[in-house]
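Following: one structure in structure tokens, then a few remarks.
The values are calculated or read from the model by the stated rules, or taken from the named source; none is laboratory data. Not measured: the values here are computed from a predicted model. With ideal geometry, Cβ positions are generated from the backbone for all residues, glycine too; neighbour counts draw on all protein chains shown.
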Amino acid sequence: MLRRILINILAPFLAVLLAFSVGAIVIYILGENPFYVYKILLVNSVTKVDGWGYVLFNATPLIFSGLAVALAFKGGLFNIGVEGQIYIGAFACAWFGITFDVHPLIGIPLGLIFAMIFGGLWGVIAGYLKARFGAHEVINTIMLNFIAIALTNYLVNNPFKEPGQINPIPQTKELFSGSIIPRVYPLFNRIGINISPSVPLNYTFFIAILFCIVVWYFMEKTRWGYEIKAVGLNPRASRYGGINPNHIIILTMFLSGALGGLAGINDIMGYRHRFLDGFSRGTGFTGIAVALLGKNNPIGIVFASILFGILDRGALAMDVFTNTPRELIRVIQAIIIIFVAIGNEFIFRLLQRLERESE
Amino acid sequence: MIGGILSLELLVSALRMSVPLTFASLGGVFSERGGVVNIALEGIMLVGAFGAVVGTYFTNNPWIGLLTAMSFGFLIALIHAVVSITFRINQIISGTALNIMSAGLTTFLSRLIFKAAGSSPHIEGMVQWRFPGTNWQISPLIVIMFTVIIVSQIVIFRTRYGLRLRACGENPYAADSLGVNVIRMRYSGVLISGVLGGLGGAFLSLEHARVFVEGMTTGRGFIALAGMIFGRWTPLGSFSACFLFGLAEALRMRLEGFGIPTQFIQMIPYIVTMCVLIGVVGRAVAPAYDGIPFEK
Amino acid sequence: MAEYILETRGITKHFPGVLANDSVDIKIREGEIHSIIGENGAGKTTLMNIIYGIIRPDRGEIFYRGKKVEISNPSVAIKLGIGMVHQHFMLVPPFTVWENIILGREVTKRGVLDKDTVCSELRKLMEDYGLSVPLEEKVEELSVGICQKVELIKLLYRGAELLILDEPTALLVPQEIEELFEILDNLKRQGKTIIFISHKLKEVLRISDRITVMRRGKVVGELDGKEADEETLARLMIGKTLESQKLEMYERGEEILRLEGIRLSPRLKNINLTLYKGEILGLAGIEGNGQRELLEIITGLLIPESGKIFYKNREIKHLDPRTLREIGIGFIPEDRQRTGLILDFTVAENIILGRHYKEPYTVRGRLNLPVIKKTATDIVKEYDIRTSTVDKYVRFLSGGNQQKVILGRELYSEPELLIASQPTRGLDIGATEMIHNLLLSARKKGMSILLYSSDLDEIMTLSDRIAVIYNGEIVGILSPKEIDETTLGLYMTGARKD
């Protein structure tokens, strides 16, 4: 049992190490010193309190995105459409926030609910098409990404554009104060953590952690989690077990889409306080890496999100202080995905062999 | 107005739009007939587009650009092949990872080489071939495309190679029991898809836009897969489907003057793809072992 | 000229957790029909796969016509003249017969497959050996018997001298088995050598010149075909004598299930069937005659186009599996790993599947894990399921134990009607006996059982009555005491009908 946990942690760790090694080779070929580049990449993020603030801020949307992908995966579905669900959920939330001026105790929960419902509905489109027509959810969710981006782009450019805006990138009006999630620095400073006011880390991070617990409980301890996992592993046997796989597929995509919809909250309600066109930079796809690296497990997802949060933070510094373009990070991310997947496969076979021999 | 819309010009435009899709779709056919799902076509097209620009920029010869495009596509496909055939990793995960990697890699290299992330410098396109005795021109790539379509159709359904490839997709165990090297056949299918996908991307940057722009494939790789499904995994069928998509694309561009917001027009190809996938249900069946790793 | 066409010495092969072949020595004489028998798991198929080059042995040598050979892959075996017809056909369903035959050994003209040359060659071959198959039809449309002939032609086309047939009669009906034996005799007369793998003693005794018996990876006996008898073979095979099952008399109770005019294109034309309380009704039929659809209709997975189904006088044809289970119908599906179990769920999770949403297993949406664990532990004990813990993934259990999980799960809710489809397929004799006993004791307690099996022995032994399905209709209700297997076969092939 302990052996199983160790192996499960070791594999992702090694994968990350390997991916960084490959990156180091690339950096070296480019004529830079890998250690210098990696130091720039990592140091600022992890040595200062402010650095950690930025890291956790970056990690927040990834946690939601990773949960979304992981939940769908457990249900046997590939949700590559989190990016689209982020935009739709975020816009719905923003719409609520710029339309209704209410007290934060009402505004914040309702904002979350709007994001979840609309993100969930966007996910259900692909879910329904799969359940009813057997249509490939991979291609459909990807198509829906493009449609969502175009749709929100239209909405933010036309009906909802901020009047008299100066920013060249279109955005909506600012949210009413009742829909704003405050930053953590006031409270943190009060309790002795000296984080500066410019750090955008806000309470959404804690909402994300809360959702980790909720999702874990849902999947492991409830009947619905059982049914989702059953359908994900064997839809045919599930049918005989009295489960309706079509209903479960739709439910799974709704929940996954809802979690995806929440990934935009960090930006909309906690940072920019408005919807900015194109604000999500691939969070939906990074979520896939996070889910894989975290082995579809909430704790793993949090750690993986933090790792990627560190990388995102460091990428800026990398751009400024070195000659290595920051897109290297994305390449490293992709390599991580591949190595983790390979590692997972080997672990699975190794465990199978061990179990079988102990028969 | 209708007369203005349906015209030879439109059909030609549709044909041009369909070229990148068709190449990628043909690539998908080879890969999936062998039994390997290749979602990475999007990324392969992107590196192909990039490769074409790089090759042309440095040698001023678009044909070298084509070769570069094909090699870049080949390399990405090689990774996909190793990961999903030899290591038997889930093919969707491998494909998605490669798409992410291709996006990062092309922007990364673009910044390094051209010192600009967004787009590369403009390049010369290919010299168009003339129809003898007329004023009509046609891009060499279109000629190549038609050749590839016909050759593919014959190869897949009438040759020894095609028979073995299809066997690997329908029942690799049967093929294996008769001495066919399933692993090698599947590799070949994926690598061919890399070369063809790279060609598709090359057309985008070489003929269509004359420049490389980050993310310029905008989902064409996936649309090409839908075309392959709609075309029942045959070269001729894939071309027909991709031509239809090209027609939708060409119509879209004509609609842009008519007062509909551009974003909704942009959505058309993606909505069409989704509808196509719905319509295809029950009538198009993938090779039986498509997507299933082969293990002795 | 070597004495033996094929000889193996000391073949040993390990798989994780099991020693499949333990220093196996066999000797096959040229021109004989040599059977290798043993029950499931004895190592016969592993040995054949080694000889055919699909897997490599850990140790040991193979001699072909007196010369030592390394058979590293099937191509080498084929070149030597060894051919194998596998238990599960190695055919490509959407390909035509001739495409299937030439795969791997294609003939081309100017780069393209040369269909005409191939087909004329094949026609000559078919004449020579007395086999006949439709060359241009797609394999997916052909019956099992014809597919088998295609497999044989595949071997002969490649010049096979030594033919290995792995459980060739598993899916055939008595008449087709007779036909196969004629073909094998013909091949023998033409000088071919045949290795016949089976666990069916009667057949083996009929056609074999010599018999090798394997048990648990070892060779435990080599006999002359004329001198052997069933009892000796059985004793060698399983280490003890066969016990014959005796069916107690039963009192026919009231009607519990009645099907009227059930129709579902294209397979089911008109099914009329009645099942009574306390009886085992056997369903016999060749695969593809509608039994799969019939069972899926009864268990709620399919809805018939027309007709009625009454369960205790209640129309049930529109009910889904969940409701059917709730009203007392249990189901043991044919494919335990694909349909009956979720392999990557634990034993406990599989045991509550189908009941998981009810109290006490779920209370207000929450799973009650302690109760689930207790129920699972009780069932594991009652059915003697070999597993160290109920939290083990069911994937790691043996076939017999997996089947017991399914049985335990279904019987635990004490259904009144149990639909059992191929309940002992792939199990060894010990596990089979256990399952039979469980079914019989359930019957004793008043449960009605609809038993579908392609093992005619099993049907004849366990059933009170036998219904034969052919071409989507019930063509006869027979009493096992009054008929024999040949008659049963006649009904199954539609040659006879009531």
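A few notes on this one:
- If you go through segment A:135-185 and keep only what is assigned to a helix (DSSP H, G or I), under 17 Å from residue B:264 (Cβ atoms) and aromatic (Phe, Trp, Tyr), you end up with A:146, A:154.
- Hits in segment A:177-211 - residues which are of a type in the set (Phe, Trp, Tyr) and modelled with pLDDT of 85 or more: A:203, A:205, A:206, A:211
- Qualifying positions in segment C:303-320 - within 11 Å of chain A (Cβ to nearest Cβ) and touching a residue at least 24 places away in the same chain (Cβ under 8 Å): none
- Which listed residue, of B:79, B:64, is within 14 Å of chain A (Cβ to nearest Cβ), part of a helix (DSSP H, G or I), surrounded by fewer than 23 Cβ atoms within 10 Å (Cβ to Cβ) and free of Cβ contacts under 8 Å to residues at least 24 places away in the same chain: B:79
- Screening residue C:348 against (1) in contact with a Lys or Arg (Cβ under 7 Å, 6 or more places away or on another chain); (2) surrounded by 20 or more Cβ atoms within 10 Å (Cβ to Cβ); (3) outside any helix (DSSP H, G or I) leaves a single unmet condition, (3).
- Of all the listed residues (C:389, C:424, C:432, C:339), the sole one being of a type in the set (Ser, Thr, Tyr), under 28 Å from residue C:457 (Cβ atoms) and assigned to a loop (DSSP other than H, G, I, E, B) is C:424.
- With respect to the conditions (1) buried (at least 19 other Cβ atoms within 10 Å of the Cβ); (2) over 20 Å from residue C:26 (Cα atoms), residue C:208 lacks only one, and its number is (2).
- Filter result (within 7 Å of chain B (Cβ to nearest Cβ) and either surrounded by fewer than 20 Cβ atoms within 10 Å (Cβ to Cβ) or out of contact with any Gly (no Cβ under 7 Å at 6 or more places or on another chain) (or both)) within segment A:127-142: A:129, A:133, A:134, A:135, A:136, A:138, A:139, A:140
- Selection of segment B:186-216 for residues being on the phi < 0 side of the Ramachandran plot and within 11 Å of another protein chain (Cβ to nearest Cβ) yields only B:214.
- One residue alone among C:169, C:212 is at pLDDT 90 or above and either within 16 Å of the chain's Cα centre (by Cα) or part of a strand (DSSP E or B) (or both), and that residue is C:212.
- Residue within segment A:299-308 that is within 30 Å of residue C:356 (Cβ to Cβ), in contact (Cβ under 8 Å) with a residue 40 or more places away in the chain and surrounded by 24 or more Cβ atoms within 10 Å (Cβ to Cβ) present: yes
- Residue B:110 vs. criteria over 19 Å from residue A:83 (Cβ atoms), more than 9 Å from chain A (Cβ to nearest Cβ) and either outside any helix (DSSP H, G or I) or in contact with a Gly (Cβ under 9 Å, 6 or more places away or on another chain) (or both): no
- Residue, modelled with the highest pLDDT, within segment B:240-270, restricted to residues that are part of a loop (DSSP other than H, G, I, E, B) and more than 10 Å from chain A (Cβ to nearest Cβ): B:260
- Number of positions in segment C:60-109 that are more than 10 Å from chain B (Cβ to nearest Cβ) and not in a strand (DSSP E or B): 10
- Complete set of residues in segment B:139-173 that are among the small types (Gly, Ala, Ser), surrounded by fewer than 24 Cβ atoms within 10 Å (Cβ to Cβ) and closer than 13 Å to residue B:31 by Cα: B:152, B:162
- Restricting attention to segment B:271-296, the residues being closer than 17 Å to residue B:238 by Cα and not in a loop (DSSP other than H, G, I, E, B) number 8.
- Residue A:285 vs. criteria in a helix (DSSP H, G or I), over 20 Å from residue A:9 (Cβ atoms), at pLDDT below 90 and facing chain B (nearest Cβ under 10 Å): yes
- Residue-level check: of (1) in a helix (DSSP H, G or I); (2) at pLDDT 95 or above, residue B:36 misses just (1).
- Here segment A:224-266 is the region considered, the condition is being in contact (Cβ under 8 Å) with a residue 12 or more places away in the chain and among the polar types (S, T, N, Q), and the residue that is nearest to the other protein chains (Cβ to nearest Cβ) is A:246.
- The set of residues from segment C:405-422 being in contact with a Phe, Trp or Tyr (Cβ under 7 Å, 6 or more places away or on another chain) and within 14 Å of residue C:337 (Cβ to Cβ) comprises C:421, C:422.
- Residue match in segment B:175-190 (condition: surrounded by 24 or more Cβ atoms within 10 Å (Cβ to Cβ), within 13 Å of the chain's Cα centre (by Cα) and either under 30 Å from residue C:49 (Cα atoms) or modelled with pLDDT under 90 (or both)): yes
- All positions within segment C:324-346 that are among the polar types (S, T, N, Q) and at pLDDT 90 or above: C:346
- Only one entry in A:349, A:330, A:353, A:326 is within 17 Å of the chain's Cα centre (by Cα) and either at the interface with chain B (Cβ under 9 Å from one of its Cβ atoms) or in a helix (DSSP H, G or I) (or both), namely A:330.
- For segment C:488-498, a tally of residues being more than 25 Å from residue C:252 (Cα to Cα) and modelled with pLDDT of 75 or more returns 3.
- A single member of A:69, A:37, A:49 is more than 15 Å from residue A:285 (Cα to Cα) and surrounded by 20 or more Cβ atoms within 10 Å (Cβ to Cβ), and it is A:37.
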